[in-house]
1. I'd like the full set of residues that are surrounded by fewer than 20 Cβ atoms within 10 Å (Cβ to Cβ), in contact (Cβ under 8 Å) with a residue 60 or more places away in the chain and on the phi > 0 side of the Ramachandran plot, limited to the range 154-208.
2. Search the range 23-55 for residues being out of contact with any strand residue (DSSP E or B) (no Cβ under 9 Å at 6 or more places or on another chain) and not aliphatic (A, V, I, L, M), and hand back the single one that is farthest from Gln78 (Cα to Cα).
3. Scan the range 91-116 residue by residue and report those that are β-branched (Val, Ile, Thr) and touching a Pro at 6+ places or on another chain (Cβ under 8 Å).
4. For the subset of the range 125-153 comprising residues that are within 13 Å of the chain's Cα centre (by Cα) and small (Gly, Ala, Ser), which member is surrounded by the most Cβ atoms within 10 Å (Cβ to Cβ)?
5. Is at least one residue of the range 107-114 modelled with pLDDT of 95 or more, farther than 28 Å from Asp58 by Cα and part of a loop (DSSP other than H, G, I, E, B)?
6. Would you mind stating whether Gly68 is surrounded by 15 or more Cβ atoms within 10 Å (Cβ to Cβ) and in a loop (DSSP other than H, G, I, E, B)?
7. Do you know which residues across the range 28-49 are within 15 Å of Asp96 (Cα to Cα) and more than 17 Å from the chain's Cα centre (by Cα)?
8. Taking the range 13-38 on its own, how many of its residues are at pLDDT 95 or above and loosely packed, with under 11 Cβ neighbours inside 10 Å?
Amino acid sequence: MSHTFNQYQQPVGETLTDWQPRQHPQRLELVGEYCRLEPLQAARHAADLFHAFSQAPDGRDWTYMAYGPFNDRALYFQHVEQASSTTDPLHFAIIDQATNRAVGTIALMRIDKVNGVMEVGHVTFSPLLKQTRIATEAQYLLMCYAFDKLAYRRYEWKCDNLNAPSRAAAQRLGFTFEGIFRQAVVYKQRTRDTAWFSILDSEWPVIKAGMERWLSEANFDSNGKQKLSLKACREL
């Protein structure tokens, strides 16, 4: 971290003379090439989402979530109704542009307007969404909103330290691993060490350019297979 010195010759953080608290994220639609994000609504999205999550052969996708799995349609609808009523977390449904159906959810949370910090969380991807361009573009759309539109300084990702797929996803997307908060959370009657990752506003331009290169049609062959990995696109 860059620093300067005060009148006592003590190192202090860089001065931000023009800093102002940021706005709270709004319920709005974010549109991409392959997907769009819509503010979560039970009446509009719950049926599609329940169908999408029902494509999974078992409940392993919910192991590291504080809720789920949902085998009962009514209970899932209640969950979506509650989630859609909050502004922090602020939940979005991920809509496949090709089918116009909801295939997952994602949220902005722990929103700190004063310091310009927010976290992406509640990332629930159905089998219809996993390992698709939509999965990456949904993350890209939220990052663009956080950094380009709202001008936040820091964007966080946190997960159970034992959740290897989530850790790998964070690093693939360009987040920097910062460390482990030991015994930070109790959920589902078990303890959790939390892994912390972040992207800073100064890092965003390179990460954004890499994501745009990766999402480009030119990066995929006629069978839809990527030519360059997201990491390779970022390193360009």
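The values are calculated or read from the model by the stated rules, or taken from the named source; none is laboratory data. Bear in mind that the values here come from a model prediction, so they are computed numbers and not experimental data. Glycine also receives a Cβ, built like all others from the backbone with ideal geometry; neighbour counts cover every protein chain displayed.
1. Lys188
2. Here the residue is Glu33.
3. The initial filter retains those residues of the range 91-116 that are β-branched (Val, Ile, Thr), namely 94-95, 99, 103, 105-106, 111, 114.
Residues satisfying the conditions are Ile111, Val114.
4. Ala138
5. Among the residues of the range 107-114, at least one is modelled with pLDDT of 95 or more, farther than 28 Å from Asp58 by Cα and part of a loop (DSSP other than H, G, I, E, B), which makes the answer yes.
6. Working: surrounded by 15 or more Cβ atoms within 10 Å (Cβ to Cβ): yes; in a loop (DSSP other than H, G, I, E, B): yes.
Judged against the criteria, Gly68 is a match.
7. Selection gives Glu33, Arg44, His45, Ala46, Ala47, Asp48, Leu49.
8. We begin by selecting, within the range 13-38, every residue at pLDDT 95 or above; these are 19-38.
Applying the additional criterion that residues be loosely packed, with under 11 Cβ neighbours inside 10 Å yields 20-21.
Total meeting the criteria: 2.
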